[in-house]
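*Asks:* Got a structure for you, written out below as structure tokens; questions coming shortly.
The values are calculated or read from the model by the stated rules, or taken from the named source; none is laboratory data. Keep in mind the model is a prediction, meaning the values are calculated, not measured. In this analysis, Cβ positions are derived from the backbone assuming ideal geometry, glycine residues included, and neighbour counts consider all displayed protein chains. What goes into the accessible areas is simple: the full protein's heavy atoms, side chains included, and nothing from ligands, DNA or RNA. Shrake-Rupley method; radii C 1.70, N 1.55, O 1.52, S 1.80 Å.
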Amino acid sequence: MDVELRHARLVAAIATARSISKAAARLNLPQPGLSTQLRRIEKELGGDIFVRSHLGVVPTPLGERLIPMLVDLAQRGDAILAEVASQATDTLRIGNVEWTTPALREAIAESLPNTDVQTETVDPADAMDAVREGRLALALVPNVLAGPVSEAGRGQLSTAVVVREPVWIALPKDHWLAGEEPVGSEQARALDWVRYARGHWFHDTEETAFADLFDDPPASVHLVRGHHEAMSWVRDAGMAAMTTPTGATEHVRLVPVADARTCELLLVWRSEAISPKVLRKLLDSVRRYYCVYARTIPRYWSWMVDHPEQFRELGQFLPRAPQPSPPPTTAPQSVPTPPEGTPAPRQLAVSQLSGRCLSIVRMTTAATSAERRAQIKDIICDILEIEPAEMTDTSRFKEDHEADSMGAIEILSTLERTFGVDIDQSELARMVNLDAVLAVVNEAVAAK
């Protein structure tokens with residue numbers, strides 16, 4: 001056999017992990033299979049390149065010469081393939097399980113303005129093969145569908161966690177439990193349930209969530225084949241159903257579950273098909289979109305803001321908790337003491353002190369406003385990827401700096417985190433330039 005790029009990747013993985021078992025786990029390959037492939041590679045190279053020791057596996061003298069070259073080959077090969085793919089692909093095909101909202105496609109398309117983005121709702125059972133076989137460039141799938149992402153002789157896949165979604169309960173909007181937070185096992189036992197049929201991807205996740213709540217799970221009224229069907233039963237028949245937030249619809253109310261299970265939403269792509277630059281933009285756009293979507297579910301959005309440790313991947317898009325204001329640093333001004341024997345003009349002294357204090361307050365306020373303006377400008381320029389000199393106080397983000405709607409959402413979220421405030425999304429219509437943004441932030445700070 002000839003040494004190929006995939007062989008260099010395997011050697012690189014073993015060298016990085018310094019363990020065949022750890023490398024096999026990272027590659028989602030069985031350890032015996034990886035050991036067999038390594039023996040074939042070593043036969044082709046003319047000798048052993050790794051030897052086992054109490055530290056794991058270490059290079060042999062031959063390995064010390066060849067392994068760095070194979071690692072470099074893997075890195076350069078993947079970079080070349082990714083660059084070729086990014087230049088040659090006119091259409092980026094993206095799959096999503098169950099259903100795809102127009103807003104998701106718009107968010108991705110806005111992040112890649114020079115790429116024709118085509119979205120497709122895919123059969124959950126076919127999603128991984130569609131990416132592996134090149135019918136899709138990438139897909140959004142729950143982790144329970146991902147399985148082994150690398151298979152011998154087939155395209156190697158890579159994954160990144162978009163978000164870890166909690167498994168909550170969907171109830172009718174007017175249900176008596178809709179105001180409870182969170183729901184425990186006794187309350188959940190009183191509900192009438194619809195559940196997911198065996199064979200649906202969410203079935204096993206739901207089974208685990210039910211086992212956490214009940215020693216003896218209650219019977220279900222109906223078995224559904226998808227999230228939309230489950231939500232229609234909740235809305236029209238007053239049932240309860242387990243779901244992730246992306247499985248819910250606007251016609252139901254999501255209620256937290258005590259110690260809720262989570263379901264990872266993954267972005268999956270062929271390792272050589274997406275350049276790192278495009279991948280970063282895609283991940284950011286999908287995570288921003290997720291936060292925009294979460295804002296439409298008030299209970300869920302407030303939970304995310306209050307529990308950021310549960311949503312680490314979304315950290316840069318979540319508002320930061322307000323920080324206590326530092327004590328004033330300006331030293332109080334002393335009042336001059338009149339010469340001994342001179343009557344102290346008390347009223348004049350008080351007037352002078354008041355005037356000086358007012359001047360100090362005005363100077364401090366002006367400095368704070370200037371600092372805030374500069375901080376806001378830095379945030380906006382960083383998000384819009386422009387130089388500060390290009391932006392004036394009145395230049396318009398959309399018309400003059402080609403800002404898009406997702407950029408506006410990111411600006412809003414970053415301002416909330418930075419200044420510890422809540423800004424309603426309706427304010428986006430006002431936030432057209434630096435002056436307007438400063439006014440909105442000042443109002444939000446004053447309202448705290």
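*Asks:* What is the residue count in the stretch 379-396 for residues that are of a type in the set (V, I, T) and over 26 Å from the mean Cα position of the chain (by Cα)? Break it down stepwise before answering.
*Replies:* Filtering the stretch 379-396 down to residues of a type in the set (V, I, T) leaves 379-380, 383, 386, 392, 394.
Now narrow it down to the ones that are over 26 Å from the mean Cα position of the chain (by Cα): 392, 394.
Of the residues in the stretch 379-396, 2 are of a type in the set (V, I, T) and over 26 Å from the mean Cα position of the chain (by Cα).
*Asks:* Then there's this: Inside the stretch 368-405, can you point out the residues that are crowded, with 17+ Cβ neighbours inside 10 Å and outside any helix (DSSP H, G or I)?
*Replies:* Residues satisfying the conditions are I386, M391, A403, D404.
*Asks:* Taking the condition of being farther than 19 Å from H227 by Cα, without any contact (Cβ under 8 Å) to a residue 40 or more places away in the chain and not hydroxyl-bearing (S, T, Y), how many residues in the stretch 90-106 meet it? Give the steps one after another, and end with the answer.
*Replies:* Looking only at the stretch 90-106, we keep the residues that are farther than 19 Å from H227 by Cα, and these are 90-94, 105-106.
Subset that is without any contact (Cβ under 8 Å) to a residue 40 or more places away in the chain: 90-91, 105.
Now restrict to residues that are not hydroxyl-bearing (S, T, Y): 90, 105.
Adding up the residues that qualify gives 2.
*Asks:* Still on this structure: Would you be able to tell me the number of residues in the stretch 52-77 that are in a loop (DSSP other than H, G, I, E, B) and under 16 Å from S21 (Cα atoms)?
*Replies:* So the count comes out to 2.
*Asks:* Sticking with this structure for a sec: Do any residues in the stretch 248-262 that are under 18 Å from D174 (Cα atoms) and hydroxyl-bearing (S, T, Y) have Cβ atoms under 9 Å from those of residues that are open to solvent by less than 80 Å² (accessible area, probe 1.4 Å) and outside any strand (DSSP E or B), where the two are at least six apart or on different chains, and which pairs are they?
*Replies:* Every condition considered, the pairs that remain are T249/H227; T249/M231; T249/S232; T249/V234.
*Asks:* May I pose another question? Out of the stretch 241-267, which residues are under 16 Å from A211 (Cα atoms) and touching a His at 6+ places or on another chain (Cβ under 9 Å)?
*Replies:* Selection gives A241, T243.
*Asks:* Still on this structure: Out of the stretch 264-287, which residues are in a loop (DSSP other than H, G, I, E, B) and of a type in the set (G, A, S)?
*Replies:* Keep residues of the stretch 264-287 that are in a loop (DSSP other than H, G, I, E, B), which gives 271-275.
Correct list: S271, A273, S275.
*Asks:* Still on this model: Against the condition open to solvent by 10 Å² or more (accessible area, probe 1.4 Å), out of contact with any helix residue (DSSP H, G or I) (no Cβ under 8 Å at 6 or more places or on another chain) and in a strand (DSSP E or B), how does T121 come out, does it pass?
*Replies:* Answer is yes for this residue.
*Asks:* Could you figure out which of (1) small (G, A, S); (2) touching a Pro at 6+ places or on another chain (Cβ under 6 Å); (3) without any contact (Cβ under 8 Å) to a residue 12 or more places away in the chain isn't true of A436?
*Replies:* (2)
*Asks:* Can we say L29 is of a type outside the set (D, E) and under 20 Å from S271 (Cβ atoms)? Explain how you work it out, then say what you get.
*Replies:* Details: of a type outside the set (D, E): yes; under 20 Å from S271 (Cβ atoms): yes.
The answer is yes for L29.
*Asks:* If a residue must be modelled with pLDDT of 85 or more and open to solvent by less than 40 Å² (accessible area, probe 1.4 Å), how many such residues does the stretch 128-146 contain?
*Replies:* 10
*Asks:* Tally the residues that are assigned to a helix (DSSP H, G or I) and either closer than 16 Å to S285 by Cα or of a type outside the set (D, E, K, R) (or both), restricting the search to the stretch 295-311.
*Replies:* Of the residues in the stretch 295-311, the ones assigned to a helix (DSSP H, G or I) are 295, 298-306, 308-310.
From what is left, the residues that are either closer than 16 Å to S285 by Cα or of a type outside the set (D, E, K, R) (or both) are 295, 298, 300-305, 308, 310.
Total satisfying the criteria: 10.
*Asks:* In addition: Please tell me if S426 is small (G, A, S) and modelled with pLDDT of 85 or more.
*Replies:* Working: small (G, A, S): yes; modelled with pLDDT of 85 or more: no.
For S426, the condition - small (G, A, S) and modelled with pLDDT of 85 or more - is not met.
*Asks:* On to the next question. Taking only the stretch 294-319 into account, find how many residues are open to solvent by 30 Å² or more (accessible area, probe 1.4 Å) and touching a Phe, Trp or Tyr at 6+ places or on another chain (Cβ under 7 Å).
*Replies:* 1
*Asks:* Inspect all residues belonging to the stretch 182-202 and state whether any of them is closer than 24 Å to W99 by Cβ, modelled with pLDDT of 90 or more and under 22 Å from the mean Cα position of the chain (by Cα).
*Replies:* Checked the stretch 182-202: at least one residue is closer than 24 Å to W99 by Cβ, modelled with pLDDT of 90 or more and under 22 Å from the mean Cα position of the chain (by Cα).
*Asks:* At pLDDT 75 or above, in a helix (DSSP H, G or I) and surrounded by 12 or more Cβ atoms within 10 Å (Cβ to Cβ): which single residue out of A349, A408 fits that description?
*Replies:* On the way: A349 fails: at pLDDT 75 or above.
Going through A349, A408 in turn, the sole match is A408.
*Asks:* Also, I was wondering about something else. Within the stretch 307-330, is there a residue that is modelled with pLDDT of 90 or more, among the acidic types (D, E) and more than 24 Å from S111 (Cα to Cα)?
*Replies:* Yes, the stretch 307-330 contains at least one residue that is modelled with pLDDT of 90 or more, among the acidic types (D, E) and more than 24 Å from S111 (Cα to Cα).
*Asks:* Here is a follow-up. Within the stretch 32-71, restricting attention to residues that are under 29 Å from V268 (Cα atoms) and among the aliphatic types (A, V, I, L, M), which residue is most open to solvent (accessible area, probe 1.4 Å)?
*Replies:* Restricting to residues being under 29 Å from V268 (Cα atoms) and among the aliphatic types (A, V, I, L, M), the top hit is M69.
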